[in-house]
Amino acid sequence: MATSKRMTVPAIRDHCCSGAASAAAVEPLVMVTAYDAPGARIADEAGVDMILVGDSLAMVVLGYEDTLQVTVADIAHHTAAVARVKPAALIVADLPWMSYHVSTEETVRNAAELIRAGAQSVKLEGGRKRLPMIEALISAEIPVMGHLGLTPQSLHAMGGYKVQARKSEAALELLADAKALQHAGCFSIVLEGVPDEVARMVTESLDIPTIGIGAGGQCDGQVLVFHDLLGLEDRVPAKFVRKYASLKDDAVSAVRRFAEDVRSGAFPDDSESYHLSEQQAEALSLYGSPS
Ligand code: KIV
């Protein structure tokens with residue numbers, strides 16, 4: 001269990017912002033994904049501000065090709081595992097595709113399932129067209145993090161995972177979306193896959209923090225997927241991923257050495273085995289060996 005003070009939604013919302021001078025004085029926020037208890041412990045001991053139980057779960061843990069396959073039950077199951085660790089970091093759980101698209105009632109019920117699983121806030125993708133859902137969540141006291149730019153749940157509508165807002169009109173649309181989300185009460189917004197200049201313009205225009213992924217270095221914080229930064233993934237990483245370790249290679253080599261040791265008889269050795277007391281061994285020998 002974490003010993004430091006628990007991060008809160010108001011602390012994240014009020015972390016930076018309003019004006020370049022004050023923004024320059026504060027440390028950027030750090031968010032990382034985690035999907036289970038060991039991942040949450042690692043993230044929390046490393047001192048991150050927020051743990052995102054992202055719908056990237058679908059791809060990096062559950063083996064699906066995109067995030068569209070994951071359900072509210074999946075995210076709730078993994079959120080509960082993260083929450084059992086009682087991290088100091090704020091837990092944000094992703095609302096999966098189709099869990100907030102049908103009606104405000106369904107949206108609130110689905111988000112409540114994630115809060116009951118242990119999340120302190122939820123994240124959803126999309127701009128002004130999501131406002132009724134965001135407002136319903138906030139009036140049900142569920143804090144919301146927005147997600148704009150390259151929104152992976154819109155994979156088919158975008159025609160692939162493509163950097164967004166490359167043209168000035170699209171950048172201004174993105175800015176209008178960000179302002180609308182802030183006005184609706186979002187406490188923070190993820191900006192994914194947008195040019196650095198656009199992320200900067202949005203960041204400087206908002207009073208709530210932006211968290212970037214593939215959005216350059218001007219955001220108020222950064223997020224990476226746990227498996228990407230630890231090198232646990234086979235996928236070719238996107239340009240914005242910085243790999244801080246190669247744990248997949250280390251893990252394969254460790255399991256290979258175990259297999260070699262078992263096959264050669266080197267594992268287990270005496271120190272890794274349990275033994276009878278001399279007296280019991282002697283008593284057992286009286287019975288002789290089984291025929
Ligand atoms: O699901 C996820 O991991 C995310 C991050 C990439 C922001 O939404």
For LYS239, work out the one condition from (1) out of contact with any strand residue (DSSP E or B) (no Cβ under 7 Å at 6 or more places or on another chain); (2) at pLDDT 95 or above it doesn't fulfil.
(2)
Strands (runs of 3 or more DSSP E) fully within segment 49-160 counting 3 or more residues that are in contact with a Lys or Arg (Cβ under 8 Å, 6 or more places away or on another chain) and either under 22 Å from CYS219 (Cβ atoms) or more than 16 Å from the ligand (Cβ to nearest atom) (or both):
90-94, 144-149
Can you confirm whether SER99 is over 16 Å from the mean Cα position of the chain (by Cα) and surrounded by 18 or more Cβ atoms within 10 Å (Cβ to Cβ)?
yes
Going by the conditions given, is GLY231 at pLDDT 95 or above, within 17 Å of the chain's Cα centre (by Cα), away from the ligand (no atom under 15 Å from the Cβ) and part of a loop (DSSP other than H, G, I, E, B)?
yes
State yes or no: is ALA254 touching a helix residue (DSSP H, G or I) at 6+ places or on another chain (Cβ under 8 Å), among the small types (Gly, Ala, Ser), surrounded by fewer than 17 Cβ atoms within 10 Å (Cβ to Cβ) and outside the structural domain of ALA136 (by TED's automatic domain parsing)?
no
From the list THR79, THR71, pick out the single residue that is out of contact with any helix residue (DSSP H, G or I) (no Cβ under 7 Å at 6 or more places or on another chain) and polar (S, T, N, Q).
THR71
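Would you mind stating whether ILE189 is crowded, with 24+ Cβ neighbours inside 10 Å and near the ligand (Cβ under 9 Å from one of its atoms)?
Values: crowded, with 24+ Cβ neighbours inside 10 Å: yes; near the ligand (Cβ under 9 Å from one of its atoms): no.
Here the answer is no, as ILE189 does not meet what is asked.
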Which one of ALA199, ALA215, ALA165, ALA178 is within 16 Å of the ligand (Cβ to nearest atom), assigned to a loop (DSSP other than H, G, I, E, B) and in the same structural domain as GLY149 (by TED's automatic domain parsing)?
ALA215
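The values are calculated or read from the model by the stated rules, or taken from the named source; none is laboratory data. Keep in mind that what you see is a predicted model, and the values were worked out from it rather than measured. Heads up, the Cβs are rebuilt from the backbone with ideal geometry, glycines too, and the neighbour counts pull from every protein chain shown.
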